[in-house]
Amino acid sequence: MKIIKFLIEKEFKQMFRNPLIPRMIVMYPIMVLLVFPWAVSFEVKNIKIDVVDHGKSVYSKRLIDKMAASKYFILHDTPPDYKSAMFNMENGDTDMIVEIPATFDKDIVKDKNSKVRVAVNSVNGTQGLLGSNYIMQIVNDFSSELRAELINTLPPQQRASLMSIPQVDIIPKYKYNPGLDYKNFMIPGFMVLLLTLICGILPALNIVMEKESGTINQINVTPVNRIAFILAKLIPFWIVGLVVMIISVFTAYLLYGLWPTGSILAVLISAVVFILSISGFGLIISNYSETLQQASFLVMFFILILILLGGMFTPVSGMPSWAQLIAAINPFSYLTETLRMIYLNGSTLADVSGKLLAMALIALFLNGWAVLSYKKRG
Amino acid sequence: MRKKVIEVSNLTKKFGNFTAVDHITFDVDEGEIFGFLGANGAGKTTAMQMLCGISMPTAGEGRVAGYDIIKENELIKRNIGYMSQKFSLYEDLKVWENIRLFGGIYGLSEKEIADKTDELLKRLDFEQERDTLVKYLPLGWKQKLAFSVAIFHEPKIVFLDEPTGGVDPAMRRQFWEMIYDAADRGITVFVTTHYMDEAEYCNRVSIMVDGHIEALDSPAALRQQFNTDSMDEVFRKLARKAERF
């Protein structure tokens, strides 16, 4: 095992003689964390809305003002009828139509009940769902307001009897991410993404590059132990990954004031276990590839699967059962969840130990495979 | 009777339907310079890779440096050096770093590596190139370095696959002096070449045609057998029989 020192020394010399890699290790996390948290967000804002107001009454005016005042909506147009509003939607100029009937005021005053029609463009499902939810919330608020006003105009006796009617309100309290800030949710995910790209792709290209240059032959005729060879490939990426993680943690703190509410030690330890698994995975790809082209194609393909099924963008709990099965062996989904728990829920090392163990088993399996798939004799 | 360091019988390697090496049988004595000749594609490199334990034979058996080539290939590797046809030291490492790496892999200590590196660079008159990246060396120097690295750990046998391909005549001469030097120190040399003048430098040569060994003897005996006065002519007479390529 003494020879592993010589092999690791060689890997580091080669890495730092590469004109690109050392710069990438520093710049990549900073650039990704600087740009993407702003752009990649599920927040639905600035929904364009057309209001068809047939009554043009006091109440309808108040409702429209209330919608326009919301940060979620932009009042795009007030067309005379539903047909022209629909025309706007079909042209993609507006996302949502609210139609207020001519009898709106009268219905409210006389029947104490009125209806508003809402049509949402649901091509983008998230926007459709959230948009209609927001509208419903605004309309509900508006009707509560009206009810309060009307109750106040009644004689005291009647008012008391109305007040005694039970009413249930839901008042959500947003725990762990009180501002509902998507950035806080996405940044831990971007950290996992960075580690996956750097510590997954570089090892995948590493051994295959030795195959292309022929140096692997010179190594294969030596008595070098397969485990030592694979470990010597793994350890440098381990250290590189740790550096990337530390840079990411500080970048997130400096740019967004985001610091783990749980244990920072737990963040680093889970990152370290994850890096081992993803680098092992890269080495397997490298062992099975004959050319750089094959290796890069394969690693891109698999990393895409790991990310899309890894719960960074869409919750794993909402996926079909086969995808959840993949998530159960996907180190990406373990680290995404772990980091979110530590960053947002304040989890400690003990809280995430189950996931750490799972990741460690995956790492052991993948690296065992990497050793076995490295063949010194063809 | 001299000790045999390489003994193989019926060694065969097939790639699908193609038989690269077809039942070859030969042996090499300790301390010998053994020339392994053959046209391009005759199967020399494949045969050599089987002997070095980096290619699995399809059939046949053999022993190299006293170890079985099928089962004990990792033990063989402790006792051999190998220089491949394609230059395969690390181009992005410096001269001393390549020497240090392979010295370390063969289990030499820091002290041994440092002393032997100094001595080697002095002997090659290479001291001013110690810190040069290997990719900046001219081909002849690369080959000398590759050979020196291959025998740095004092193996019993060194395998050289076309070590002088593309090298100028003066440098080839120097290279063969290094080979003789190694042989004098007791290292068995197994070498392939396309230069028939180099074949004359060998104690014995074998000539491979289409995966078979067609002739095996000392250069003088072969010339006599084929009734000619040059190895060139011997080679041409045999290679003419080739049907492959």
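The values are calculated or read from the model by the stated rules, or taken from the named source; none is laboratory data. Since we're looking at a predicted model, the values are computed, not measured. Every residue, glycine as well, gets a Cβ built from its backbone with ideal geometry; the counts of neighbours run over all protein chains shown.
Some observations on this one:
- Residues that are away from chain A (no Cβ under 12 Å), out of contact with any helix residue (DSSP H, G or I) (no Cβ under 9 Å at 6 or more places or on another chain), within 23 Å of B:Ala199 (Cα to Cα) and part of a helix (DSSP H, G or I) are absent from region B:48-61 altogether.
- Screening region A:15-55 for residues that are within 14 Å of chain B (Cβ to nearest Cβ) and out of contact with any Phe, Trp or Tyr (no Cβ under 7 Å at 6 or more places or on another chain) and picking the one that is surrounded by the most Cβ atoms within 10 Å (Cβ to Cβ) gives A:Met15.
- Subset of region B:15-32 [surrounded by fewer than 23 Cβ atoms within 10 Å (Cβ to Cβ) and either under 21 Å from B:Glu200 (Cβ atoms) or small (Gly, Ala, Ser) (or both)]: B:Gly16, B:Ala20, B:Phe26, B:Asp29, B:Gly31, B:Glu32
- All positions within region B:106-130 that are within 7 Å of another protein chain (Cβ to nearest Cβ) and either polar (S, T, N, Q) or over 20 Å from the mean Cα position of the chain (by Cα) (or both): B:Gly107
- Residue in region B:155-176 that is within 12 Å of chain A (Cβ to nearest Cβ), within 21 Å of A:Ala232 (Cβ to Cβ) and surrounded by 15 or more Cβ atoms within 10 Å (Cβ to Cβ) present: no
- Test for A:Ile216: is it free of Cβ contacts under 8 Å to residues at least 40 places away in the same chain, assigned to a helix (DSSP H, G or I), closer than 30 Å to B:Gln143 by Cβ and of a type outside the set (Asp, Glu): yes
- Selection count where residues are part of a helix (DSSP H, G or I) and at pLDDT 90 or above, scope region B:185-230: 9
- When B:Asp125 is tested against the conditions (1) in a loop (DSSP other than H, G, I, E, B); (2) buried (at least 16 other Cβ atoms within 10 Å of the Cβ), the lone failure is (2).
- Residue within region A:311-322 that is among the polar types (S, T, N, Q) and either surrounded by 16 or more Cβ atoms within 10 Å (Cβ to Cβ) or in contact with an Asp or Glu (Cβ under 6 Å, 6 or more places away or on another chain) (or both) present: no
- When residues of region A:33-81 are limited to those that are part of a helix (DSSP H, G or I) and out of contact with any helix residue (DSSP H, G or I) (no Cβ under 8 Å at 6 or more places or on another chain), the one farthest from A:Gly131 (Cα to Cα): A:Val35
- Only one of the numbered conditions (1) within 12 Å of another protein chain (Cβ to nearest Cβ); (2) crowded, with 22+ Cβ neighbours inside 10 Å; (3) closer than 21 Å to B:Ala170 by Cβ is violated by B:Gly103, and that is (3).
- Candidates A:Ile329, A:Ile264, A:Ile307, A:Ile246, filtered to the one that is of a type outside the set (Ser, Thr, Tyr) and either within 30 Å of A:Ser213 (Cβ to Cβ) or surrounded by 18 or more Cβ atoms within 10 Å (Cβ to Cβ) (or both): A:Ile307
- Checklist (1) polar (S, T, N, Q); (2) buried (at least 22 other Cβ atoms within 10 Å of the Cβ); (3) within 14 Å of chain B (Cβ to nearest Cβ) applied to A:Asn225, failing item: (2)
- Scanning region B:69-87 for residues that are facing chain A (nearest Cβ under 7 Å) and either more than 22 Å from the chain's Cα centre (by Cα) or surrounded by fewer than 21 Cβ atoms within 10 Å (Cβ to Cβ) (or both) yields a total of 3.
- The one condition from (1) of a type in the set (Asp, Glu); (2) touching a strand residue (DSSP E or B) at 6+ places or on another chain (Cβ under 7 Å); (3) modelled with pLDDT under 90 that A:Asp50 does not meet is (3).
- Verdict on B:Ala182 being surrounded by fewer than 19 Cβ atoms within 10 Å (Cβ to Cβ) and of a type in the set (A, V, I, L, M, F, W, C): no
- Among residues of region B:217-236, those that are of a type in the set (Lys, Arg) and under 16 Å from B:His194 (Cβ atoms), counted: 1
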